[in-house]
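Notes follow the structure.
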Amino acid sequence: MNLTVVNRAQMVGAISVSRALRLLALLVPLAWLLLMAMLADAPNELINVLARVVVVVLVSVAAIVAQRFTLHHTRLWLAFGSAMMLGAWLACAWQSSTLVAWLAVGAWLMWLITLDTLVALMRVRRSARWFARVGIALLGGSVPVVVAQIASQFADEEFFAFVQALALSGFCFLMLSAVQFVIPSRAHSTIKLKRRSVVISLALALGLLSVAVVETISSYQSSFYGNDPPSFAGITPTQTSLCGQVTPSSSTVSGVDVYDQLLRRIETNPFKTPAEFAFIALAKRDANDAQDFRRALLLEAQQQAFTQPMGSVKWGQFEAALRVYYFAKMRAQYPDLFSASEQQSLAQWFAAINRRALTPEWVDALYGIAFREWPLGPYENQENGAGLLAVLEANQLADPNLSERNRAYLQNDPRGWAARFHNTDDSYFYQTHWLNNALFQAQLAPQSVSLQNQRASFEWLLMLTPPDGSPLPFNSDQDGWSANAFYLGAQLLHDPRYVWLASQSLARMSERDALLFAQPGVESALNLQGVAPTTGSCLVYADSGLPTQRGPLAPDKIVLRDGWTDDANYALLNLRFTGWHRYKATNDIITLMRAGPLVVEQVAPERITWLPKGRAALRDKRVPRENLNGLLIPTSGLGGVFALLGIGSGWAQDPPHYARVTKFDPNDTPQIAQSVIEQWHGWTQTRTMYLYPQGPIVIVDSADGGEGRAALSWHVVGDGERDGDVLWLRRGAHPARFVLPHDAWNTTSVRAAPSVYGNAQTIVYYAPSAGRLQLVSVFLTDEWADAQVQIASNAAQRTFRLRISSAYQTIELQGQSSP
């Protein structure tokens, strides 16, 4: 009798130990969450780790409940769980609250556990059960991400949304496996399914899935730009910008001298391609340089360059277009350069390039879904495919069997200067590149060119260009040098301003030893005296849409400037988040400059080697909003859930498509620009910029109406030496200081940040209370650098007072921080 009791006690103890050991399996999905957070560089403070522990524990408790009810009340629980899950998702779609999102995710996980338990109880092979679990896990990870993307208008980069879905699916799979391991289903409790029930269930599931897929694709296709952008008095389709005037500079430059500088910089490029060799030969009229081009081009033809699949990036179509363009130019200049057999070999190569350009690849399917078109093969971004086909046709180098298809593609959807003046992808570099493809298309159909569009396309670059000719690398990993583009503009428009601007850009390139590449359309020097522009501050509207879709004229940029000297004040504000290559800078300042950069975006030309080539660069939608200079609001809804799990940012990444300009007059002193973004998860932000000629730059920000504590980020260039309420950015010949109100420093963090400009600081101001933010930021330079600053701010009443006193002048500013 006693022996039996001991054995029974030992058995119960063994079972308890076994269950306890099984509970350790729940550490695996927890480790997965922590690993995701580490790979995503998410904060791993103790509170975040504890939160993830709580998530795993609660899911485990839910698993016990779900499994028990599934075993004993299968039909009732399945019906109840399905209704609860659908209701929670509807509530999540209706209300962006993070709490509601957590309830939706909880209901969703319980429903997934129910499905997995049902499969575990079925009389099927073990391999089939594992296969089903993988499918359930993929569904579990994909649905929340898709719902979150629809709610944010697909603001996240597509590839990383896919990675998010895989990461969540991995967590679901590990969670389901751990639950079944910890609480195994009873072997004798099996479920027999009737064939009719299976067929009906599958039909309903497929129907719901089809509706969901169609709705998701439709939402995705509508996410790239808004169809009702805010207007501004005086802006029309024929008057797309409002600009003031500044005192003209007396400096002039020779167009011939500028061309010589441009040629020398291309000659020193150590990475010359056939295009650069051709440019040099055409410019110098030198047969020896022509032989360099001949050898380089024949080598590429022998290697069949640009005729193989291009993967996720089809930039090669533009490079191929350069070869075609320069071959035609060199053949005309040097008729005997290539033998008859060599010309035949090159013709066959160009025909193969043509065939490749019209061969759809997997990436074309992605563009086709987004652009609402059948995948055709030509690369739509910056109109690279159109440029290639046009230059092939214009020079009779296309495959004769494909000529009809080439011309049909070009005629069915006019592009280039026939359709617009501004590339729909938002970047200074993308515009300079798009101009080349517009030039190639004009070579084929010069009669289709709108001279108004052509002039406006270069004027857009002029209005945005910093006074010292520095590049604008926003929304791209390319620097955005403009020397080539401006000399092309001077050639096409015979405009002396572009000669001067090309000279400014070349001067900065020389200082940085930057690379310069061949520029089509600039085969000879222009005998034109360059003069400085007189264009002052500008409100800029531009074309929106997609490469195959004409969007409405929409707010684009605000430029404030007080001259075109190297030490002029300059500010650039972005007004949109649209296009295929979007970037999240609605109402954000791209840069502030005076005698060098004061404020920049934290975007370094870095690449992540393990990612596909097209997704490896930090650019476009990949750039998080906290790397920019503007308002930050906490994530909510599913974004808040993802942030806690470690696979998303703690700041919202889906700003509105457009900011509304409420005040702009380029003839005011000081120059004032005010812009507003509204209904961003309940938040409304007003940003007012004041630029005093040769004086301070003042930025007043006000935001309210939302939940949680907002913040404001600045990325400044300089040493960041703190002195009371002042941050010294630089000393010496052109000193500069950054000033915040005294109380603001109590909730402001300053840390060193990587930058291509050398020393840089990331400054983040956190609002002291929820639902409201107000901040006055002051930038003082040169003779104003030592000025005394007094700032009084009342966030509740949205008022501020500012007094800046220098040895020569006192500035007083007061008023409302929002209209």
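Kirkwood radius for the range 252-376, taken over all pairs of different Cα atoms as the inverse mean of 1/r, rounds to 16.3 Å. Under Stokes-Einstein, with the Kirkwood radius over Cα pairs standing in for Rh, what whole-number D in µm²/s applies to the range 482-594 at 4 °C and 1.567 mPa s? Rounded to a whole number, D works out at 80 µm²/s. For the range 676-819, a crude dipole built from +1 on the beta carbon of Lys and Arg and -1 on the beta carbon of Asp and Glu, taken about the Cα centre, is about 120 debye to the nearest 20. A simple count of charges around Cys243, restricted to other residues whose Cβ falls under 12 Å of its Cβ and scoring Lys, Arg +1 and Asp, Glu -1, yields 0. For Ser805, neighbours were defined as the other residues whose beta-carbon sits under 11 Å from its Cβ, and their charges (Lys and Arg +1, Asp and Glu -1) total -1.
Rg/Rh for the chain stands at 1.03; both radii use Cα atoms, and Rh follows the Kirkwood definition. Its residue count N sets the reference 2.2 N^0.38 Å, and the alpha-carbon radius of gyration of the range 243-296 equals 1.63 times that reference. For the pair Ser345 and Asp286, a Förster radius of 35 Å applied to the C-beta separation gives a FRET efficiency near 0.90, rounded to the nearest 0.05. Taking all protein chains as shown and a probe of 1.4 angstrom, Phe80 keeps an accessible surface of around 110 Å². Dimensions of the range 332-391 along the principal axes, based on C-alpha atoms and rounded to the nearest Å, stand at 47, 19, 12, largest first.
Taking every alpha-carbon pair in the range 501-560 and binning the separations at 10 Å intervals from zero gives 15, 25, 35, 25, 0 percent. Lysine pair count for the chain (Cα-Cα distance under 25 Å; residues 8 or more apart in sequence or on different chains): 16. The Kirkwood hydrodynamic radius of the range 375-507, based on inverse pair distances between different Cα atoms, is 15.4 Å. One Cα centroid belongs to the range 550-599, the other to the range 239-309; the line between them spans 28 Å.
Expressed as a whole percent, the proportion of Cα-Cα pairs in the range 302-420 lying more than 24 Å apart is 25%. The phi-based Karplus calculation (6.51 cos²θ - 1.76 cosθ + 1.60; θ = phi - 60°) puts the 3J(HN,Hα) values of the range 423-431 at 4, 6, 7, 8, 6, 4, 5, 4, 5 Hz, whole numbers, x for Gly and Pro. Spread over its residues, the convex hull of the C-alpha atoms of the range 668-707 is 50 Å³ per residue.
For Tyr766 and Thr216, the difference between the fully extended length at 0.36 nm per residue and the C-alpha to C-alpha distance is 194.5 nm.
The separation of the range 627-647 from the range 726-751, counted between C-alpha centres, amounts to 27 Å. Think of the chain as having a plus end and a minus end, set by charges on the Cβ of Lys, Arg, Asp and Glu; of Val105, Trp564, Ser817, Val105 sits farthest toward the positive end of this dipole. Length available on full extension from Leu206 to Leu27: 0.36 nm per residue minus the Cα-Cα distance, which gives 61.0 nm. Volume per residue for the range 693-783 equals 107 cubic angstrom (convex hull of Cα atoms).
On a per residue basis, the convex hull of the C-alpha atoms belonging to the range 202-251 measures out at 138 Å³. Charged side chains reduced to their Cβ positions (Lys and Arg at +1, Asp and Glu at -1) give the range 407-473 a dipole of some 300 debye around its Cα centre. Just to confirm a number: summing +1 for Lys and Arg and -1 for Asp and Glu over residues other than Asn629 whose beta-carbon lies under 13 angstrom from that of Asn629, what do you get? So the surrounding residues net to -1. Cysteine residues of the chain whose C-beta has no other cysteine C-beta under 4.7 angstrom: Cys92, Cys172.
Computed about its Cα centre, the charge dipole of the chain is approximately 4080 debye, with only Lys, Arg, Asp and Glu carrying charge at their Cβ. Taking the accessible area of the chain, probe 1.4 Å, and keeping the other protein chains in place, the carbon and sulfur fraction comes to 58%.
Taking the dipole about the Cα centre of the chain, with the C-beta of Lys and Arg at +1 and of Asp and Glu at -1, give me whichever of Gln441, Tyr379, Gly682 is farthest to the positive side. So the residue furthest toward the plus end is Gly682.
Extension gain, Asn269 to Arg803: 0.36 nm times the residue separation minus the Cα-Cα distance gives 187.2 nm.
The values are calculated or read from the model by the stated rules, or taken from the named source; none is laboratory data. These figures come from a predicted structure and were not determined experimentally. Positions of Cβ are generated from backbone atoms using ideal geometry, with glycine treated the same way; all protein chains shown enter the neighbour counts. The area values use the complete protein model at the heavy-atom level, side chains included, leaving out ligands, DNA and RNA. Shrake-Rupley method; radii C 1.70, N 1.55, O 1.52, S 1.80 Å.
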